[in-house]
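Okay, so here's the structure we're looking at.
Here, each number is a calculation from the coordinates, and none is a lab measurement. These figures come from a predicted structure and were not determined experimentally. For neighbour counting, all protein chains shown are included, and Cβ atoms are generated from backbone atoms with ideal geometry for every residue, glycine included.
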Amino acid sequence: MTDAKEIALCAAMAMDDKKGQDILVLEVGRRTVIADYMVIASGRAVPQVKAMLDAVEEKLAQRGVLPRRREGAAEGRWAVLDYGSVLVHIFHEQERAYYQLERLWQDVDNVVPLPEAPQNL
């Protein structure tokens with residue numbers, strides 16, 4: 001699996017499996033050189049944030065995709081997984097409300113719709 005969009009959607013579905021809240025996949029490649037896609041989601045509690053993080057890493061590792069970097073995971077309030085062309089941000093809902101990361105990156109035309117049901121991602 002090397003397609004950035006496929007990686008982003010796979011990460012989103014892994015977080016959805018853990019009941020992630022307000023999952024958003026954004027195509028940001030036209031606005032920045034740091035990534036092609038950003039996936040942003042939140043959890044209601046620290047254990048859920050950690051479970052979502054583990055689920056993303058596990059699901060992508062099963063497909064041979066490993067993160068280049070992993071930051072913020074220890075505290076469970078906010079974490080980022082850097083997959084090169086895809087950045088996965090997982091927030092506790094309070095931190096997400098505070099930082100409003102999607103406000104910086106979201107345009108009218110760059111939201112990628114999530115599949116209705118898991119599809120071999």
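Label zone of residue 3 (point 7 Å out along Cα→Cβ, amide N under 19 Å): in segment 94-116 this covers 110-116. Diagonalising the gyration tensor over the Cα atoms of segment 73-119 and scaling each eigenvalue by 5 before taking the square root yields semi-axes of 21, 16, 12 Å, largest first. Per residue, the average separation of C-alpha pairs within less than 8 Å and at least 6 apart gives the chain a relative contact order of 30 percent. With helices as the sole contributors, the chain gives -10500 deg cm²/dmol at 222 nm; each DSSP H run of n ≥ 4 counts as -39500 (n - 2.57), and the sum is divided by every residue.
Under 5 Å between amide hydrogens, built in the peptide plane, is the criterion, and for residue 36 it picks out 86 among residues at least 5 positions away or on other chains.
How much length would be gained if the chain were fully extended between residue 82 and residue 34, taking 0.36 nm per residue of separation minus their Cα-Cα distance, in nm to one decimal? Let's see the in-between values first.
Details: separation 48, 0.36 × 48 = 17.28 nm, distance 0.99 nm.
Result for the pair: 16.3 nm of gain on full extension.
Computed on the Cα trace of the chain, the radius of gyration divided by the Kirkwood hydrodynamic radius gives Rg/Rh = 0.92.
Annotation: the antiparallel percentage among DSSP beta bridges lying fully within the chain is about 70.
State whether segment 32-89 is rounded, prolate or oblate according to the following rule on the C-alpha gyration tensor (a ≥ b ≥ c being the square roots of its eigenvalues): a/c under 1.5 gives rounded; otherwise a/b larger than b/c gives prolate, and the remaining case gives oblate. Oblate is the answer for segment 32-89, as a/c is 1.5 or above yet b/c matches or exceeds a/b. Summing Cβ point charges (Lys, Arg +1; Asp, Glu -1) relative to the Cα centre of the chain gives a dipole of roughly 260 debye.
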